[in-house]
1. Counting only residues that are among the β-branched types (Val, Ile, Thr) and in contact with a helix residue (DSSP H, G or I) (Cβ under 7 Å, 6 or more places away or on another chain), give me the helices (runs of 4 or more DSSP H) lying completely in the stretch 22-129 with at least 1 of them.
2. Would you tally the residues in the stretch 96-121 being touching a residue at least 24 places away in the same chain (Cβ under 8 Å) and in contact with a strand residue (DSSP E or B) (Cβ under 8 Å, 6 or more places away or on another chain)?
3. Please determine whether any residue of the stretch 25-39 is within 14 Å of the chain's Cα centre (by Cα), in contact (Cβ under 8 Å) with a residue 24 or more places away in the chain and within 14 Å of ligand 1 (Cβ to nearest atom).
4. Quick one: which of ASP118, ASP135 is farther than 17 Å from ILE80 by Cβ and of a type in the set (D, E, K, R)?
5. Return only the number of the condition from (1) surrounded by 14 or more Cβ atoms within 10 Å (Cβ to Cβ); (2) under 16 Å from ILE40 (Cβ atoms) that GLY128 does not satisfy.
6. Could you grab me the full set of residues in the stretch 46-62 that are within 11 Å of ligand 1 (Cβ to nearest atom) and either within 17 Å of ASN112 (Cα to Cα) or crowded, with 16+ Cβ neighbours inside 10 Å (or both)?
7. Please count how many residues of the stretch 101-115 are exposed (fewer than 15 other Cβ atoms within 10 Å of the Cβ) and either within 16 Å of ligand 2 (Cβ to nearest atom) or closer than 18 Å to ILE80 by Cβ (or both).
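A short reminder: the numbers here are calculations on the coordinates, not readings from a lab. Given the structure is predicted, the values throughout are model-derived calculations rather than measurements. Backbone-built Cβ (ideal geometry, glycine too); neighbour counts: all protein chains shown.
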Amino acid sequence: MERTFIMVKPDGVQRGLIGEIVSRFERKGFKLVAGKVMIISRKQAEFHYAEHSEKPFFGELVDFITSGPVFAMVWEGDDIISLSRLMIGKTKVADAQPGTIRGDYASHTNFNLVHGSDSPESAAREIGNMFEESDAVQFERAIEPWI
Ligand code: IDP
Ligand code: MG
């Protein structure tokens with residue numbers, strides 16, 4: 001079982017797409033174990049996007065991600081890191097297939113609605129940057145979604 005960090009970015013929150021995005025992961029059968037509306041600090045944003053610190057768009061990216069509330073979440077499921085990235089769709093808007101979140105709702109790469117961790121190491125780092133250990137609720141489901 002894997003965990004990943006999923007975040008509805010400020011554009012998704014402002015466009016009223018939290019429910020739509022959460023709904024897709026729920027219907028897929030993944031388990032939500034933590035979630036909150038928050039405004040992330042510049043320090044958190046710079047840590048979150050540290051791998052892009054040398055890119056020309058880094059400043060813009062940090063400005064954008066701190067520009068308003070986000071909906072930060074921890075989701076759990078088998079192979080959730082790769083499966084959630086498939087559901088989110090490709091980074092560049094021109095490559096994001098219809099049927100994916102970005103393919104269905106995003107029309108600009110800089111405003112692509114949602115973030116999902118790309119590896120177990122990124123997931124652990126990103127979750128630790130936004131949540132306390134005690135924020136994650138441990139529970140067993142009465143019924144698994146694939147039954
Ligand atoms: P990902 O969100 O699909 O993992 P990354 O390559 O990690 O994509 O890039 C992080 C974020 O930076 C993207 O989601 C997008 O918002 C932004 N970004 C990526 N490439 C560009 C670019 O060429 N110009 C502007 N923003 C970009
Ligand atoms: Mg990334």
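1. Values: elements: 42-48, 58-65, 80-88, 101-105.
Qualifying helices (runs of 4 or more DSSP H): 58-65, 80-88, 101-105.
2. Final tally of qualifying residues: 7.
3. Checked the stretch 25-39: no residue is within 14 Å of the chain's Cα centre (by Cα), in contact (Cβ under 8 Å) with a residue 24 or more places away in the chain and within 14 Å of ligand 1 (Cβ to nearest atom).
4. Working: ASP118 fails: farther than 17 Å from ILE80 by Cβ.
Criteria check complete, one pass: ASP135.
5. Only one criterion is unmet by GLY128, namely (1).
6. Passing the criteria: HIS48, TYR49, HIS52, PHE57, PHE58, GLY59, GLU60, LEU61, VAL62.
7. Qualifying residue count, the stretch 101-115: 1.
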